[in-house]
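S.K.: One structure follows; several queries about it will come next.
The values are calculated or read from the model by the stated rules, or taken from the named source; none is laboratory data. Predicted model, so just to flag it, every value in this text is computed and none were measured. Please note: Cβ atoms are built from the backbone with ideal geometry, for glycine as well, and neighbour counts cover all protein chains shown. Accessible surface is based on the protein model in full, side chains and every heavy atom, while ligands, DNA and RNA are left aside. Shrake-Rupley method; radii C 1.70, N 1.55, O 1.52, S 1.80 Å.
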Amino acid sequence: MKVLLHACCGPCLLEPFDALVAEHDVTVLYANPNIHPVAEYRHRRDTLLEYAVTQDIEVIEEPYDPAAWMQAVAGLEREPALRCRACFELRLGIAARTAASLGMDAIATTLTVSPYQDQSAVAEAGEAAAAAAGVIYLDVDFRERYPEATRRSRELGMYRQNYCGCMLSDIEAEREREARREERRRLREAARQG
C-alpha cells in the first residue's frame, strides 16, 4: 500500500517509519499546526528533514497554520484530554485529506510511538479522518518501540523536545517539572534535617 505517515518530530519518526517501510511504500507528512512557538515548529521540522535527507525519505510539509489549531481547540483550554483529542482530529484530518488528494491508500501516525499519548483517542481520530477522506487508517501501536526510538535519537544527536508541542502543553510540562524540582528540594531538606 501507499501510506502517508504523519510525523510529529524526528525522534518519533525513526521506529514507526522503519516498521511501516518494511511492508509499504511510505511517504512522510509533517503537518503540525499545534506546535508553538514557530521557532519550535521549525526546529522539530528541521530535525526531521535532516534525518530524512540522510535516509532518502520523501517528506511533504503542509503549511503551518496555528490559527487552525487555535480554532480546533477553542473552549478546551482547561480540558487537556479533550484538547488533545481535537488536536489529533485536526492533524490526522489533514493527513487523510492529503493522502486522498495524492491517491494514497492509507495513513498512519508516529503519535502512536509515544507512551504519553492517549492511544485510543489517536485511533478514533485516525479512523474517523480516514473514513471521511476515503482512505484506510493503519492503527499500529508502536509504543513497544519507544525505548529504541529514544536510544537511536540520542545516538543520532537529534533534538528531543520536552513538551508535546502546543503552548498549553508547554505550560503544563513546565508546571510538572517545577513540581518535581520542588519535591526534590523538599526531600533534600528533609534528609539534611535527619
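S.K.: Roughly how big is the stretch 1-93's charge dipole about its Cα centre, with Cβ charges of +1 (Lys, Arg) and -1 (Asp, Glu), in debye to the nearest 20?
M.R.: The dipole magnitude comes to about 400 debye.
S.K.: About the Cα centre of the stretch 82-139, what is the dipole size in debye to 20, counting +1 per Lys and Arg Cβ and -1 per Asp and Glu Cβ, all else neutral?
M.R.: 220 debye
S.K.: Please give the charge dipole size of the chain, origin at the Cα centre, charges +1 on K and R Cβ atoms and -1 on D and E Cβ atoms. Round to the nearest 20 debye.
M.R.: Working: 24 positive and 32 negative charges, 201 e Å.
Dipole size: approximately 960 debye.
S.K.: Using Rg and Dmax of the Cα atoms in Å as the read-out, say which of (i) 16.2, 49; (ii) 17.8, 68; (iii) 19.5, 69 was calculated from these coordinates.
M.R.: Given (i) 16.2, 49; (ii) 17.8, 68; (iii) 19.5, 69, the calculated one carries the label (ii).
S.K.: Using the beta-carbon distance between M70 and D25 and R0 = 35 Å, what value does 1/(1 + (r/R0)^6) give for FRET efficiency, to the nearest 0.05?
M.R.: 0.50
S.K.: What are the ³J(HN,Hα) values, in whole Hz, obtained from phi via the Karplus relation 6.51 cos²θ - 1.76 cosθ + 1.60 with θ = phi - 60°, for each residue of the stretch 138-147 in sequence order, with x given for Gly and Pro?
M.R.: Values per residue, Gly and Pro as x: 8, 8, 10, 8, 9, 4, 5, 8, 4, x Hz.
S.K.: Let me ask something else. Subtracting the Cα-Cα distance from 0.36 nm times the residue separation, let me have the gained length for E172 to K2 in nm, one decimal.
M.R.: Stretched out fully, the E172 to K2 stretch lengthens by 57.5 nm.
S.K.: Just the number, please: percent antiparallel of the DSSP beta bridges in the chain, rounded to the nearest 5.
M.R.: 0 percent
S.K.: So for each of 80-90, 174-184 I average, over its residues, the number of other beta carbons within 10 Å; can you give me the resulting order with the highest mean first?
M.R.: 80-90, 174-184
S.K.: Let me ask something else about it. Ignoring ligands, DNA and RNA, what percent of the accessible area of the chain is carbon or sulfur (1.4 Å)?
M.R.: Ligands and nucleic acids excluded, carbon and sulfur reach 51 percent.
S.K.: Where does the charge balance sit around Y116 when Lys and Arg score +1, Asp and Glu -1, over other residues with C-beta under 12 Å from its C-beta? Don't skip to the answer; put the middle values down first.
M.R.: Numbers: positive: R143; negative: D118, E172, E176.
Net charge in that neighbourhood comes out at -2.
S.K.: Moving on to the next point. Stretch E61-A190 to full length: gain in nm at 0.36 nm per residue minus the Cα-Cα span?
M.R.: 41.3 nm
S.K.: For the stretch 163-194 and the stretch 73-123, what is the separation of their C-alpha centers, rounded to whole Å?
M.R.: If we compute the Cα centre of each part, the gap is 29 Å.
S.K.: How far, in degrees from 0 to 90, does helix 167-193 lean away from the longest principal axis of the Cα atoms of the chain, to the nearest 10?
M.R.: Value to nearest ten degrees: 30.
S.K.: Return the FRET efficiency for the residue pair R152, E77: r is the Cβ-Cβ distance, R0 is 25 Å, and the value is rounded to the nearest 0.05.
M.R.: Step by step, r from the Cβ atoms, then E = 0.10.
S.K.: Still on this structure, I have one more. If you roll a 1.4 Å probe over the heavy atoms of the protein chains, what accessible area per residue do you get for the chain, in Å²? Walk me through the intermediate numbers first.
M.R.: Values: 10150 Å² over 194 residues.
Per-residue accessible area for the chain comes out at 52 Å².
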